[in-house]
Amino acid sequence: MKRTVPLMIVMVGGILMMVQYFIPHQYSQAVFDSYVSWAPIIAAFALILGVGSLTRVHAHKIRRKAENWQYSWAVLIPLYAMPVLAHIWPVSLSGGMDEPSIFHFLFMHIQVPIQATMFSMLAFYIASAAFRAFRAKSALATVLLLAAVIVMLGQVPIGDLIAKWFPQIGLWILRYPNLAAKRAIMLGVGFGILATNLKIIFGVERNWLGGAGK
Amino acid sequence: MNIWERMLNIDRRWIFLSIGVVSIIPFLTKIGLPVSTTEEVEDIFTYIDSLGKENAIFISFDFDPGTQAENMPMGVAVMRHAFHNHVPVFLTAYTPLGHGMAGGALDYVTRPSTPGYYTSVDFDEWADIRNAGITDRDELEAAWEEAGNVLPDDSHGWVFEGRDFVYLGYAPLFHLVILGMTSSIETQYPSDAHDNPLSEMPILREHKSLREVDLAVTTSGSSACTAWVIYGREKIGLPVAFGVTAVSATDYYPYIQSGQIIGQMGGLRGAAEYEVLLQQNGITETTDKAFTGMDVQSADHLLIIFFIIMGNIAYFMGGFHRKKQLKGGR
């Protein structure tokens, strides 16, 4: 029963949504509208489950004083503080409602700089990796290296100044060889997704059930 | 250890320092290297330029703060273009953090300290005019100014909340929200991010669903942009344009060739191109942050290419290509 019911729900739901997509009829539209209303509600329960699970794991670490347990506070405090500040205490630092709230302040002055810093550090690591690992060890590696240099120079104004053909060749690489390779990969991935979905809908692939019903 | 081996084992902190220095100097000197435009960006510009007050576009801030340096100028440039042509704009976000990004972009474009800003009129402020039945864009502006409101000298124009723009922000499971908006925008967003009811907004009365919208521009730092193609373009034929980070720009060229998107702004370069087009067409007096950032990117790319060349010279001159393994550097 634990396996049959979920499998039936997935099969009926999957086939229904697949067929619905190709039928431009009001009944079909009603099914679709109903699904669109249901899905966020189900997702909201998943959110509760996720937050609950995260809290349990980190609370357990803090109680047991496990390795690096202090960082668990860094997870739990913002996890609960931000929603509280957003919904229960939506006032500014000076106490007024017209100015940006504390939530907004924390978002703009902590969240944004932290994420921007993490991403901008990539430039430093790319430079280091370029120096240490980008070698013309073989013919194919040399082609890759030359393409990278041309595209990099073609993407910036200095490339225009060095030679007018840098941007043109760079764009040609992006528009033709790159496009052909990407399309091949995307088609492969697309067919893979289709096959996997059909296997899930028809119950051939059952790993998503976990150990239920065993 | 010979000179080549010493070179290859250089402390990586020197590399980090050089990148840091090379990134900072162009910000201080402001070289202003010219940026040429590409067909991919020109197509978006031309398309938006052909729209007017009877049309509407979505600008979706589908990125997190990590990629805001690249994505934010794209959203800002398109928003400025739309405001200039009085094209109504819906602002949405794929992620909770994108919600803040959309608000930040709107705030930047309407902030008096920003050169070439637009003066925003809150939804409540023009309630009397709305209640008097005036909702046409030109009539609304005339009535607003007749009521004694004066446009500041340095402002580019008025933008009325609920008429020229609506800040919808984030809604959970955004791909389903796109699907839902193909039937009705209001069912997905009963109120906007400022708690104004959408049912009272003229922009919503004229554009009830995505079928009555002329373009969705998604500025994205991930594959979130493809949701607009899958659920908007393929289901109802909604025209879509991408503004994506440089690292992911290569992924989306197939969408341009297949005609599924009308164009693409790739990375900071794409945003800078759009800023140049705005300036060349007299929509803004100056370029903005993306254009300034291109000098930094030029310097960084040159330095990285220099590192690649030096790394290869040391590798081959030192004869390491004949050896199996190099000693690891710090």
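Among the conditions (1) away from chain A (no Cβ under 12 Å); (2) farther than 26 Å from B:Ala77 by Cβ, B:Leu204 misses just one, which is (2). If you go through the range B:55-75 and keep only what is in contact with a Phe, Trp or Tyr (Cβ under 6 Å, 6 or more places away or on another chain) and either closer than 16 Å to B:Ala216 by Cα or free of Cβ contacts under 8 Å to residues at least 12 places away in the same chain (or both), you end up with B:Phe58, B:Asp62, B:Asn71, B:Gly75.
Hey, any hits in the range B:150-162 for a residue that's within 29 Å of B:Val229 (Cβ to Cβ), open to solvent by less than 50 Å² (accessible area, probe 1.4 Å) and touching a residue at least 60 places away in the same chain (Cβ under 8 Å)? Taking every residue of the range B:150-162 in turn, at least one turns out to be within 29 Å of B:Val229 (Cβ to Cβ), open to solvent by less than 50 Å² (accessible area, probe 1.4 Å) and touching a residue at least 60 places away in the same chain (Cβ under 8 Å). A:Thr55 meets the conditions (1) polar (S, T, N, Q); (2) under 18 Å from A:Leu76 (Cα atoms); (3) within 11 Å of another protein chain (Cβ to nearest Cβ) in every case but one. The failed one is (3). Under the condition of being open to solvent by less than 10 Å² (accessible area, probe 1.4 Å) and in a helix (DSSP H, G or I), the residues counted in the range B:205-233 number 6. Evaluating B:His86 against the criteria (1) modelled with pLDDT under 90; (2) not in a helix (DSSP H, G or I) leaves one unmet condition, (1). Selection within the range A:157-204: residues that are within 28 Å of the chain's Cα centre (by Cα) and small (Gly, Ala, Ser). The member of this set that is farthest from the other protein chains (Cβ to nearest Cβ) is A:Gly203.
Of A:Leu187, A:Leu174, which residue is modelled with pLDDT of 90 or more and either open to solvent by 60 Å² or more (accessible area, probe 1.4 Å) or in contact with a Cys (Cβ under 7 Å, 6 or more places away or on another chain) (or both)?
Details: A:Leu174 fails: either open to solvent by 60 Å² or more (accessible area, probe 1.4 Å) or in contact with a Cys (Cβ under 7 Å, 6 or more places away or on another chain) (or both).
When all the criteria are applied, what remains is A:Leu187.
Determine whether the range B:296-319 contains at least one residue that is under 26 Å from B:Ile25 (Cα atoms), in the same structural domain as B:Asp49 (by TED's automatic domain parsing) and among the acidic types (Asp, Glu). No, the range B:296-319 contains no residue that is under 26 Å from B:Ile25 (Cα atoms), in the same structural domain as B:Asp49 (by TED's automatic domain parsing) and among the acidic types (Asp, Glu). Do you know which of the residues in the range B:234-250 that are part of a helix (DSSP H, G or I), surrounded by fewer than 20 Cβ atoms within 10 Å (Cβ to Cβ) and not hydroxyl-bearing (Ser, Thr, Tyr) is nearest to the chain's Cα centre (by Cα)? Result: B:Ala246. The residue of the range B:164-200 that is nearest to the other protein chains (Cβ to nearest Cβ), among those that are among the charged types (D, E, K, R) and surrounded by 16 or more Cβ atoms within 10 Å (Cβ to Cβ), is B:Glu186. When the criteria are applied in full, B:Gly32 fails the requirement of being in a helix (DSSP H, G or I) and within 14 Å of another protein chain (Cβ to nearest Cβ).
Quick check, is B:Gly100 without any contact (Cβ under 8 Å) to a residue 40 or more places away in the chain, in the same structural domain as B:Leu168 (by TED's automatic domain parsing) and crowded, with 23+ Cβ neighbours inside 10 Å? Yes; evaluated as a whole, the condition is true for this residue. Annotation note: of B:Thr114, B:Thr135, B:Thr46, the sole residue that is in a helix (DSSP H, G or I) and among the hydroxyl-bearing types (Ser, Thr, Tyr) is B:Thr46. Of all the residues in the range B:55-73, those that are open to solvent by less than 10 Å² (accessible area, probe 1.4 Å) and more than 11 Å from B:Gly221 (Cβ to Cβ) number 5. The number of residues in the range A:85-104 being surrounded by 12 or more Cβ atoms within 10 Å (Cβ to Cβ) and either modelled with pLDDT of 85 or more or under 22 Å from A:Thr55 (Cβ atoms) (or both) comes to 3. Of all the numbered requirements in (1) at pLDDT 90 or above; (2) closer than 17 Å to B:Phe306 by Cα; (3) aliphatic (A, V, I, L, M); (4) open to solvent by 50 Å² or more (accessible area, probe 1.4 Å), A:Ala133 misses one, and that requirement is (1).
Summed over the range B:21-32, the residues that are at pLDDT 90 or above and surrounded by 12 or more Cβ atoms within 10 Å (Cβ to Cβ) give a count of 4. Within the range B:170-186, the set of residues being under 12 Å from B:Leu210 (Cα atoms) and at pLDDT 90 or above comprises B:Val177, B:Ile178, B:Met181, B:Thr182, B:Ser184, B:Ile185, B:Glu186. Would a scan of the range B:177-192 turn up a residue that is assigned by TED's automatic domain parsing to the domain that holds B:Ser60 and closer than 30 Å to B:Glu285 by Cα? Checked against the condition, which is being assigned by TED's automatic domain parsing to the domain that holds B:Ser60 and closer than 30 Å to B:Glu285 by Cα, the range B:177-192 yields no hits at all.
Just to verify a result, which residue in the range A:25-78, among those that are under 27 Å from the mean Cα position of the chain (by Cα) and of a type in the set (Ser, Thr, Tyr), is surrounded by the most Cβ atoms within 10 Å (Cβ to Cβ)? So the residue we want is A:Ser72. Tell me yes or no: at least one residue of the range B:255-265 is modelled with pLDDT under 95, outside any helix (DSSP H, G or I), touching a Pro at 6+ places or on another chain (Cβ under 8 Å) and open to solvent by 50 Å² or more (accessible area, probe 1.4 Å). Checked the range B:255-265: no residue is modelled with pLDDT under 95, outside any helix (DSSP H, G or I), touching a Pro at 6+ places or on another chain (Cβ under 8 Å) and open to solvent by 50 Å² or more (accessible area, probe 1.4 Å).
The values are calculated or read from the model by the stated rules, or taken from the named source; none is laboratory data. Values in this document were obtained by computation on a predicted structure and should not be read as measured data. Cβ sites come from the backbone with ideal geometry, for glycine too, and all protein chains shown count toward neighbours. Side chains included, ligands, DNA and RNA excluded: accessible areas come from the protein's heavy atoms. Shrake-Rupley method; radii C 1.70, N 1.55, O 1.52, S 1.80 Å.
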